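Novice: One structure, as structure tokens, below. Some questions next.
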Amino acid sequence: MSRPSEGASGLIGAEIAGYRVERELGRGGMAVVYCAKDLRLGRTVALKLLAPEYTRNEAFRSRFAQESRVAAAIDHPNIVPVFEAGEADGVLYIAMCFVSGLDLRALLDREGPLPVPAALRIAVQLASALDAAHARDLVHRDVKPGNVLVAKGIDSDHPEHVYLTDFGLAKKSLSLTGFTTAGEFVGTLDYVAPERIAGRPVDGRSDQYSLACVVHETLVGAPPFRRADQLELLWAHQYDPPPAVSGERPDIPADADEVLHRALAKIPDDRYGSCLEFVMALRGAVGGAGLRGPAPALADLRPAAGPCADPGLDRAEEPEPPHEPPPEPPGWAGPVLRAPR
Ligand SMILES: Nc1ncnc2c1ncn2[C@@H]1O[C@H](COP(=O)(O)OP(=O)(O)O)[C@@H](O)[C@H]1O
Ligand SMILES: [Mg+2]
């Protein structure tokens, strides 16, 4: 095995545990995800590596090891399948299905708010994945656009296929975890439920709150609470009423506000019983908009053949799609503050 050097670009071309690293796909709080070639099976995989600065930190190591076990335990069409995980020469890795697509953060940055049917289709798939995790008594605890992968779907009735990923913070229901655990909040606070901020026990309804924040963002281009500093943002999650989506977007009826507000309730008992219940209520509230309708521009992506992507094809060998300027935001979109990943 060729030993990867520290630093992201130094890994390109390196061989780790039988995978050849080809290019970076993305990075979050504690890991970098690469497109890599499985040299035994000749297929393309997504190879997630714990960032070198955390490899000597026991809390991050055990969280990373737990992530692969949690994701592998849930067999669901909207959860990225894990192939294997381990440690090779001090590098902790997870090999998983390569999703040929964009994460929702990148998609929203590129497209702005999505058509209502597309936002609903994405929400239904996320809700289904989350309910499956909750049925196993697991709480994802990091539902945000950067942890949602959007691939092209199989046909015009299913234009997108969505995967929930990154179970790095997943915990058993009712665990008491606040801001004190190492690396709890390495990213954004835009999607965090009030009970987590208050250090109260969390369960699937905390994910429902985060999902509602994500759905809000897919509809209007920004999460419900935007504040100048982090403390104000934490305060807003705990005490401020969320804004009305219908006020920013006239094609959404006021009934949808009520649904979103219930999923964003400050007290978990006031939310829906499940994520799918929330999304189905939203679907009912938007009435005519339904699930059929235009898809976001995923035309430059190859359709996912079965789960994730056609493993025989390697996107790295394709020409880069032509760079197009982002579309003008529609009049109703309002000012959009972009949150960090
Ligand atoms: N299976 C995958 N296929 C393609 N890209 C992926 C895959 N998993 C993750 N990514 C990309 O890598 C980014 C970071 O992955 P993530 O698992 O969220 O890492 P972190 O734990 O560091 O947040 C994602 O936002 C996405 O862009
Ligand atoms: Mg992530």
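Novice: Return the residues of region 1-33 that are modelled with pLDDT of 95 or more and in contact with a helix residue (DSSP H, G or I) (Cβ under 7 Å, 6 or more places away or on another chain); say none if nothing qualifies.
Specialist: Matches in region 1-33: VAL21, GLU22, ARG23.
Novice: (1) over 18 Å from GLU217 (Cα atoms); (2) open to solvent by less than 60 Å² (accessible area, probe 1.4 Å): which one isn't true of ALA285, the others all being true?
Specialist: (1)
Novice: Please tell me if ARG63 is within 16 Å of ligand 2 (Cβ to nearest atom) and crowded, with 20+ Cβ neighbours inside 10 Å.
Specialist: Answer is yes for this residue.
Novice: Report the residue count in region 90-115 for those that are of a type in the set (Val, Ile, Thr) and either within 17 Å of ASN78 (Cα to Cα) or open to solvent by 10 Å² or more (accessible area, probe 1.4 Å) (or both).
Specialist: Going through region 90-115 one residue at a time, the tally reaches 2.
Novice: List pairs: first residue in region 181-194 and at pLDDT 55 or above and aromatic (Phe, Trp, Tyr), second residue surrounded by 18 or more Cβ atoms within 10 Å (Cβ to Cβ) and outside any loop (DSSP other than H, G, I, E, B) anywhere in the structure, Cβ distance under 6 angstrom, at least six positions apart or on different chains.
Specialist: Listed by first residue and then by second, the contacts come to TYR191/SER210; TYR191/CYS213.
Novice: Output the number of the condition that VAL32 fails; it satisfies all remaining conditions of (1) within 16 Å of ligand 2 (Cβ to nearest atom); (2) buried (at least 21 other Cβ atoms within 10 Å of the Cβ).
Specialist: (2)
Novice: So if I check each of ALA59, ALA71, ALA65, ALA46, which one is within 23 Å of LEU102 (Cβ to Cβ) and part of a helix (DSSP H, G or I)?
Specialist: ALA71
Novice: Further question on the same structure: Among (1) farther than 25 Å from GLY112 by Cβ; (2) surrounded by 22 or more Cβ atoms within 10 Å (Cβ to Cβ), which single condition is ASP203 missing?
Specialist: Of (1) farther than 25 Å from GLY112 by Cβ; (2) surrounded by 22 or more Cβ atoms within 10 Å (Cβ to Cβ), only one is false for ASP203: (2).
Novice: Also, quick follow-up: List the number of the failed condition for ASN78; all other conditions in (1) within 13 Å of ligand 1 (Cβ to nearest atom); (2) under 18 Å from ALA170 (Cβ atoms); (3) open to solvent by 30 Å² or more (accessible area, probe 1.4 Å); (4) not aromatic (Phe, Trp, Tyr) hold.
Specialist: Failing condition for ASN78: (3).
Novice: Residue check: is LEU104 under 26 Å from VAL45 (Cβ atoms) and away from ligand 1 (no atom under 11 Å from the Cβ)?
Specialist: Spelling it out, it is not the case that LEU104 is under 26 Å from VAL45 (Cβ atoms) and away from ligand 1 (no atom under 11 Å from the Cβ).
Novice: Quick check, is LEU120 within 15 Å of ligand 2 (Cβ to nearest atom), at pLDDT 95 or above and surrounded by 19 or more Cβ atoms within 10 Å (Cβ to Cβ)?
Specialist: No, not satisfied.
Novice: Then there is this: Give me the residue from region 38-74 that is basic (Lys, Arg), more than 13 Å from GLY168 (Cβ to Cβ) and away from ligand 1 (no atom under 14 Å from the Cβ) and, out of that set, modelled with the lowest pLDDT.
Specialist: So, considering only residues that are basic (Lys, Arg), more than 13 Å from GLY168 (Cβ to Cβ) and away from ligand 1 (no atom under 14 Å from the Cβ), the one modelled with the lowest pLDDT is ARG56.
Novice: Does GLY178 meet the test of being open to solvent by less than 30 Å² (accessible area, probe 1.4 Å), at pLDDT below 95 and in contact with a Gly (Cβ under 7 Å, 6 or more places away or on another chain)?
Specialist: When the stated conditions are applied, GLY178 passes them.
Novice: Condition test on LEU149, is it within 16 Å of ligand 2 (Cβ to nearest atom), in contact (Cβ under 8 Å) with a residue 12 or more places away in the chain, at negative phi and assigned to a strand (DSSP E or B)?
Specialist: Yes.
The values are calculated or read from the model by the stated rules, or taken from the named source; none is laboratory data. It should be emphasised that the depicted structure is a prediction, and the values quoted were computed from it without experimental measurement. Heads up, the Cβs are rebuilt from the backbone with ideal geometry, glycines too, and the neighbour counts pull from every protein chain shown. Quick note on the areas: whole protein, heavy atoms, side chains included, nothing else; ligands and nucleic acids left out. Shrake-Rupley method; radii C 1.70, N 1.55, O 1.52, S 1.80 Å.
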